[in-house]
């Protein structure tokens, strides 16, 4: 896959398909390949899709020092500018959704629509997610990596774990291929960026059409956190995916894709 030197880092990226530009932004500690299972086969025949490894993941640079959501947003904007992509659709999961929030505020010219999957607006104010990030960061810094990985199941839907073990096994295999490749300091940087995320008081400044998609069994970015984001963004639409957790875009990929299709058909 090609690389681009932008905003002081080298980012690995991939382009799929032709059509209107559509940028896909990954989450904490995962590379751009996390969109390959459900989203690229569905959207690449109709859109020019850009996927990429965030700084600190995959084959992108993993610089030392602090990471911030604003840094990731600046990286994404610089990569789009480098590739001549303007006024694109953007979809992001978890940390990726926070990146798109910052990007829509900083570069409204670039973000045509915002699709926020498994999202939240303020770690400082939303105590449950703050404790989740703190706990995972503690396990990452102080314990064996196996302990850190053991808690990842919280991101899955209880319904999938209990009633669809074959699907859960597929999801775990998929994430084993697309997560955890970066050095520990970069993983720490991602969680520190999560902990510092705070846009609640600024979300009213997002002017592009916005869709918030979340699973009704999300134990990380709780359903009410997603609704807080949607309520703060003027005109934002909401789709709730039954039987899905934080991993909604792979647990219920067809349903998430359908929600995005309907949204873009109305506003795209």
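State yes or no: is residue 128 within 18 Å of residue 247 (Cα to Cα) and surrounded by fewer than 16 Cβ atoms within 10 Å (Cβ to Cβ)? Quick ask: steps written out before the conclusion?
Details: within 18 Å of residue 247 (Cα to Cα): yes; surrounded by fewer than 16 Cβ atoms within 10 Å (Cβ to Cβ): yes.
So residue 128 passes the test.
Helices (runs of 4 or more DSSP H) wholly in region 161-240 with at least 2 residues that are at pLDDT below 95 and crowded, with 19+ Cβ neighbours inside 10 Å - which ones?
On the way: elements: 165-178, 184-196, 223-232.
The helices (runs of 4 or more DSSP H) meeting that bar are 165-178, 184-196.
Looking at (1) buried (at least 24 other Cβ atoms within 10 Å of the Cβ); (2) modelled with pLDDT under 95, which is the one condition that is false for residue 52?
For residue 52, the exception is condition (2).
Could you grab me the full set of residues in region 89-112 that are touching a strand residue (DSSP E or B) at 6+ places or on another chain (Cβ under 8 Å) and surrounded by fewer than 22 Cβ atoms within 10 Å (Cβ to Cβ)?
Result: 110, 112.
Every residue in region 241-260 that is loosely packed, with under 15 Cβ neighbours inside 10 Å, in a helix (DSSP H, G or I) and free of Cβ contacts under 8 Å to residues at least 40 places away in the same chain, please.
Taking region 241-260 as the starting set, the residues that turn out to be loosely packed, with under 15 Cβ neighbours inside 10 Å are 242, 254, 258.
Filter again for in a helix (DSSP H, G or I), leaving 254, 258.
The one that is loosely packed, with under 15 Cβ neighbours inside 10 Å, in a helix (DSSP H, G or I) and free of Cβ contacts under 8 Å to residues at least 40 places away in the same chain: 258.
From 135, 139, 150, which residue is free of Cβ contacts under 8 Å to residues at least 40 places away in the same chain and more than 23 Å from residue 248 (Cα to Cα)?
Exactly one residue qualifies, and that residue is 139.
The values are calculated or read from the model by the stated rules, or taken from the named source; none is laboratory data. Values in this document were obtained by computation on a predicted structure and should not be read as measured data. Cβ coordinates were reconstructed from backbone atoms using ideal geometry, including for glycine residues, and neighbour counts include every protein chain displayed.
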